[in-house]
Amino acid sequence: AALQGKGPADLMECTLALGAEVLVSSKHSANGTEAIQKLQQTIDSGEAMAQFAEMIAAQDGNLNALRPVAPASELKSSRSGYLAHIDAELLGKAIIAMGGGRQVLSDALDHSTGLEMLARLGDKIDAGQPLARIFAKPMIAERVRHTLLEAIQVADEPPQVGPLILDRIA
């Protein structure tokens, strides 16, 4: 979606910022503003997606192949408030338990599993509102539901949400 200019705003911001760093550091752009303009033009023209498709094809992949998707269920908030904190480590543990990650290299992956966040830090949340969509077999989804609810904290007061990119360190 990002390579087609259809990604969420935060993903697009991060993608363009990282891409700009590469273009400036490799001397393909004089500054960040110019680099972001070049990147945006590459996305808008379809060149970015075409290049990605070439990379996939070179690895014997097929972007048009159907991908397995596990059944979806929603993780709903038990209370109203504001999405105040997301514990990424707990999210990772839940995804591993769903088969979407490994504890050891020999663990098999279930590529049909996943997690789609439906709310972001700072969002106002109503009781019963979906916070995330879980892609897993129903029994497995129920097993990880508690971990996910523990990872996504709703509070009475809105949190201080900083900028997506805090600083540049190079």
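Below are the figures for this structure:
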{"quantity": "Residues that are in contact with a helix residue (DSSP H, G or I) (Cβ under 8 Å, 6 or more places away or on another chain) and open to solvent by less than 80 Å² (accessible area, probe 1.4 Å), drawn from the range 2-16", "calculated": "Ala2, Leu3, Gly5, Gly7, Leu11, Met12, Thr15, Leu16"}
{"quantity": "Filter result (part of a helix (DSSP H, G or I) and surrounded by 15 or more Cβ atoms within 10 Å (Cβ to Cβ)) within the range 22-36", "calculated": "Leu23, Val24, Gly32, Ala35, Ile36"}
{"quantity": "Residue pairs meeting the criteria (Cβ under 6 Å; at least 6 apart or on separate chains; first within 11 Å of Gln4 (Cβ to Cβ), in the range 36-59; second part of a helix (DSSP H, G or I) and of a type in the set (S, T, N, Q))", "calculated": "Ala48/Thr42; Met49/Gln4"}
{"quantity": "Single residue of Ala151, Ala141 found to be of a type in the set (Gly, Ala, Ser), under 13 Å from Met98 (Cα atoms) and buried (at least 21 other Cβ atoms within 10 Å of the Cβ)", "calculated": "Ala141"}
{"quantity": "Members of the range 37-47 found to be open to solvent by less than 50 Å² (accessible area, probe 1.4 Å), more than 27 Å from Arg120 (Cα to Cα) and in a helix (DSSP H, G or I), listed by number", "calculated": "Thr42"}
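The values are calculated or read from the model by the stated rules, or taken from the named source; none is laboratory data. As the structure is a computational prediction, the values presented were derived from the model and not from experiment. Note that we place each Cβ from the backbone using ideal geometry, even for glycine, and neighbour counts take in every protein chain shown. Heads up: the accessible areas ignore ligands, DNA and RNA and are worked out on the full protein's heavy atoms, side chains in. Shrake-Rupley method; radii C 1.70, N 1.55, O 1.52, S 1.80 Å.
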